[in-house]
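A quick write-up on the structure given underneath.
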Amino acid sequence: MHPDWDLAHTHLDAPTAQLPAGLAATPDHWQQRLRRTPGGHLLRPDGNAMLTALATGRPMHLLHLTRSLDAIRTSGHLLASTGCLAAAVYGSPLTPMPGGALRPHNLGAHLLDTRPDLDSRRDSTPLVIQVSPGHPAPGAGLDYLRLGPVHLRAFDRHRHALTPAEDHQVTRSVTDRVRAAAPLLDLMLATATGRRHPDARPFLDQLAAAVPVMPYLGYLYFETTSEYLMLHSTSTATKNLAERGEMNNHLYKQLAFTAVDTMGTLFDIGRFRPGHQRLLDLIDAIEPGLSQHAAAFVRDRLCHRFTATALTPATDATAFTFTGTGTGTGTGTDDLRTAATPLLGQLLFREVRLLDRYPQLYHLFEQEKAAEAWTYWNRRRAALPYNATCGPKGEIGVNPADPHARITVWTAEQCARGLLHPTEQIPAVPAPRLAPWVFTPLRDRTDEELWNSRPVLA
């Protein structure tokens, strides 16, 4: 199995040690700092209900929403999807209640309650998936921000399918994005290595201005802010959910939909870019007073995570600079390809997705990555991988290639109390194939069109 997949998975009790040299804070430092927050106990395997359930090996119930019920009935298959879980059938935990009802995790409750408001979930049907792993399931927490090397290998293998014009467009765009964002990227490296300590206000304003140039920074910005909200919130709702062993997903969902007015059409966090004051106002609107330490936390945590996930472990973060670098694909130097492989992979991955032909190229670029993920999970006997990018918050999926898990699927109805009741068993099982790509028509192309009309850089 390729080591890239092991690096992409988070081991909550043993933070990865394969990081660039020169970081001012160690993984243990950040682990301890996060666990000392009001919600820090939810990061521990014994403090999080989802992780506790995984460790038992007993059957787990998941909520899955689908708009393809007829196709599932006809084929007998539930298909995996890409995204934060890479190649799993997306779901959220359900807790069995007396009488056979199932209580949704607060993430699932949000997904159910907002169905009428979101284009991507309107008219969807809730399914209950019971997964019986047959053995205690080891933690398989995936951090999608660490998938850069996987994306780069896929690009290198399949770029032959691009036309010369598409290849030039993709690689030149990545080069230009790095050049344009280089001052901020270097500032983040200097901050993470302790050589600079910028004031949070201008730093966050500079970050917000850079997101349209490099949307990948929006992912980092949003995930870091979400982590802050879920771990630092002390509201009654957050405390009540914590007593159930759940991180409060409503916090970052409210942040996303308030900060970006197109989130109801497509949940695209690459468009998350509030400046300093806007960020504080957004946070205080969610929970008054919660913004007090937000700016400094986001600055410090984001700079550390960027450096840790952008550079290869062999790179000295104190000596590397993004100024003057290119992609090493015919449009610049080899610096990124050797020293910042993960970042290069992330940027190429997102650039390919902007191509008009991406819907027909989707399976070529993604199916092999999916097969690698399934191989990794099967070798670790992981039936239920979960998203650990900003903690075990409740996004969990079914490994569709698991040879041992027993799967049962029902349609379900939600009662007035918000509980789900299985109604009809469906003869369907997860299949190791990816669902078709359907998001291109939903994408807001405003930023893309502005970028494509940029002056050509020498």
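On full extension, the segment bounded by ASP46 and HIS404 gains 126.4 nm, given 0.36 nm per residue less the C-alpha separation. In the range 356-458, one over the average inverse separation of all distinct C-alpha pairs is 17.8 Å, which is the Kirkwood hydrodynamic radius.
Taking every alpha-carbon pair under 8 Å whose residues sit at least 6 apart, the range 174-261 reaches a relative contact order of 21 percent. A simple packing score, the average count of other Cβ atoms within 10 Å per residue, orders the peptides 411-419, 248-256 as 248-256, 411-419, with the highest score first.
The simple Förster model, with R0 at 60 Å and r as the Cβ-Cβ distance, assigns ARG195 and ASP123 a FRET efficiency of 0.70. Assuming charge only on the beta carbon of Lys and Arg (+1) and of Asp and Glu (-1), the dipole of the chain about its Cα centre is about 540 debye to the nearest 20. Take every Cα pair under 8 Å whose residues are at least 6 apart in sequence, average their separation, divide by the length of the range 44-164, and the relative contact order is 36 percent.
All of the numbers you see were taken from the coordinates with simple rules; none came from a lab. Quantities reported herein were computed from a predicted structural model and do not represent experimental measurements. Note that each Cβ is placed from the backbone with ideal geometry, even for glycine, and that neighbours are counted across all protein chains shown.
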